[in-house]
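Where a number appears in this text, it was derived from the coordinates with a stated rule and is not lab data. Computed from a predicted model, the values in this text were never measured in an experiment. Reconstructed Cβ throughout: ideal geometry from the backbone, glycine too, with neighbour counts over all protein chains shown.
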Amino acid sequence: MTEAERVIRVLLVDDHDLIRTGNALVLSASDDIEVVGEAASGEIALLQAARLEPDVVLMDVRMPGIGGIEATRRITVANRRTKVIVLTTFNLDAYAYGSLDAGASAFLLKSVQADELTDAIRTVVADDAVLDPASTRRLIEAHTGAAEGGAVHPRSLLSPREYDVFVGVANGLSNTEISERLFLAVPTIKTHINRILSKLGARDRVHLVIRAYRHGIVAPS
């Protein structure tokens, strides 16, 4: 099976049956997405994630017992291949910050449209990251009040070509757009990004963007 034909396996986590059912119906309409399990609590989510090893977990935040942010932390530590998209009805910055710090690759409100949700799932599997637009500006500002204390500037850690790719990511360019700008093949861009993540100790593209803002490489619009 080619990458384009691969079915994305999703675990749904929410303590409301109706929300899980609704998300399952939305996702089942996509040929490339399969719901492989459901969980009504963080505790069950941890067990299901370990057993099923899904590609993506749709994670609620407020649940009895282990909450979504702590469950996200444990899942991403146990299996770095599993991506977590945090869904919440609460547009509170603390949830966005906590989710990203815990290892989530995306933070979205439950009011997101069906096509936006499926697109987000495909995006995180492609090693990208997604933020709810309403939270993005405040998130960046909260992380960029000052440059990282004592942190080494990315330019001194990356090769010139890696730095060019890093700047492209920081400006929100896709791998295809970066490849066209730098006249490099897309697989080469992916290789560079993996090296950049490793060298900078970043979890994903969102954290690369935050790093770039902290060092003034790009500025909030």
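Taking the Cβ-Cβ separation of L182 and R80 as r and a Förster radius of 41 Å, what is the calculated FRET efficiency to the nearest 0.05?
Computed FRET efficiency for L182 and R80: 0.90.
Sorted by mean Cβ packing within 10 Å, highest first, what order do the peptides 13-25, 166-178 take?
166-178, 13-25
Each label point was placed 7 Å from the Cα along the Cα-to-Cβ direction; for L18 and R6 their separation is 3.6 nm. Using 0.36 nm per residue and subtracting the Cα-Cα separation, the extra length available between D32 and I66 on full extension is 9.2 nm. The local environment of D55, defined by Cβ-Cβ distances under 9 Å, has a net charge of +3 under the rule Lys, Arg +1 and Asp, Glu -1. For the pair K199 and V112, label points projected 7 Å from Cα toward Cβ lie 3.1 nm apart. Scanning residues 5 or more positions from V57 or on other chains, those with amide H under 5 Å from its amide H are L11, K83, V84, I85, with H placed 1.01 Å from N in the peptide plane.
Express the relative contact order of the range 146-214 as a whole percentage, based on alpha carbon pairs under 8 Å and six or more residues apart in sequence.
Averaging sequence separation for qualifying contacts and normalising by length gives 40 percent for the range 146-214.
Across the range 64-71, rounded Karplus estimates of 3J(HN,Hα) from the backbone phi angles (6.51 cos²θ - 1.76 cosθ + 1.60, θ = phi - 60°) give x, x, 5, x, x, 5, 5, 4 Hz, Gly and Pro being marked x. Measuring r between the beta carbons of D119 and V152 and using R0 = 22 Å, the FRET efficiency lands at 0.05.
Neighbours of D17, meaning other residues whose beta-carbon lies under 14 angstrom from its beta-carbon, give a summed charge of -3 when Lys and Arg score +1 and Asp and Glu score -1.
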